[in-house]
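Rule-based calculations on the coordinates, nothing more; no lab input. Computed from a predicted model, the values in this text were never measured in an experiment. Note that we place each Cβ from the backbone using ideal geometry, even for glycine, and neighbour counts take in every protein chain shown.
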Amino acid sequence: MLELLAGAPALPLDEAGKYVAGAYVVFLLLIVVYVAIMAAKLQRIERELRELAVVAESRANGATAAPGREEVNA
Amino acid sequence: MYSQGLRPLSIATVVALAAGLALVFFYAPLDADQGFIQKIFYLHVPLAITSLVGFVVGGVFAVLHLRSGERRWDAWSYVSIHMSVIFGVAVLITGSIWAKASWGHWWVWEEPTLVSFLIVFLLYATYYPFRYAIEDPERQGRYASVFAVTAGAFVPLNFMAVRMAQSLVHPRVFATTNGGLPGSMLLTFLVCLAATALLWITLVKLELTAKSASGQLKRLRRALEGPVPRAGSRIAPEVS
């Protein structure tokens, strides 16, 4: 791998280099921002799912402890 | 199941992107005219092609939605256009950087290629407020599909008009005259194009998977807690 890199042409990172680097960094940043937004969405889904699991569990426990409660309340 | 095949697709995308970058910086020769600056071509042009094709694909999904009335095609259309708009932002920024480096200006208003892409981009930027303005989900989906079909038909027309127009400074790399790209550059470009297209497909599927998970969660909440009041108008279609 190192030999391959050594044999590769040197990158001319002069005036042109900063523009090329800028373009590729912008592309990378856009992907990173998008992935961060998706991660935030995933966190929200996970949190809501946990809340619903608690609701479902409490209902299941309530139904087991007092099977006739639903009918009384209705 | 929008997540089906997402993992192998993601791996293929990462491999293709890595191969594309390696080819760009260690294999493709320096351009005789532009030198190192031309490396932006391998990023900018595939992004532009993928973005424009994505707009047309959004139109095709919109046709399927209008024909079948199934809301999942509206979701596919919405996400395709959404992703293409994001890619469009990248096209405009990388294009501006390339323009500054090559021509000394961030933007050239006299150049038909730049202005036409901006027109297409701004046209699709109106897609979001257009959806937001309609509250009823059924009508929103139907009107958005009509918009997507009309705008999708405009994209190839716009492309052809620009090709026929007299270009000022923007290069015509895939011209039928003057030989086009040499083999090594063409191979690098095609790998980059494939990588960018794979990235677009992966992100579309990822977005749809997230929307589907969110939709399933809402269904679960409705089943457990009863009807949940809608919090105003929604832009994105609900995916179940």
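Name the long-range amide H neighbours of B:ASP31: under 5 Å, sequence gap of 5 or more, or other chain; modelled H, no Pro or chain starts.
Those lying under 5 Å, H to H, from B:ASP31 are B:GLN38.
Restricting to DSSP H runs of at least four residues, report the calculated mean residue ellipticity at 222 nm for chain B, -39500 (n - 2.57) per run over all residues, nearest 500 deg cm²/dmol.
Calculated from helices alone, the mean residue ellipticity at 222 nm is -25500 deg cm²/dmol.
Any lysines with Cα under 20 Å of the B:LYS39 Cα? List them, leaving off those in the same chain fewer than 8 positions away.
Counting by Cα, and skipping residues close in sequence, B:LYS39 has these lysines nearby: A:LYS18, B:LYS100.
Based on the mean of other beta carbon atoms within 10 Å per residue, what is the order of B:111-120, A:50-59, most packed first? Before the final figure, lay out each step's value.
Working: B:111-120: 17.6, A:50-59: 12.1.
Per-residue mean Cβ counts within 10 Å order the peptides as B:111-120, A:50-59.
With charges set only on the Cβ (+1 for Lys and Arg, -1 for Asp and Glu), what does the dipole of the range B:1-138 come to about its Cα centre, in debye to the nearest 20? Spell out each step's value before the answer.
Values: 7 positive and 9 negative charges, 76 e Å.
Around 360 debye, computed over the range B:1-138.
Under a straight-distance cross-link criterion of Cα-Cα below 16 Å, which lysines are reachable from A:LYS41, leaving out those fewer than 8 residues away in the same chain?
B:LYS205, B:LYS211, B:LYS218
Please arrange B:SER84, B:SER77 by counting, for each residue, the other beta carbons lying within 10 Å of its beta carbon, fewest first.
B:SER84, B:SER77
From the phi of every residue in the range B:78-83, what ³J(HN,Hα) in whole Hz does the Karplus formula 6.51 cos²θ - 1.76 cosθ + 1.60 yield, where θ is phi - 60° and glycine or proline is x?
4, 5, 4, 5, 4, 5
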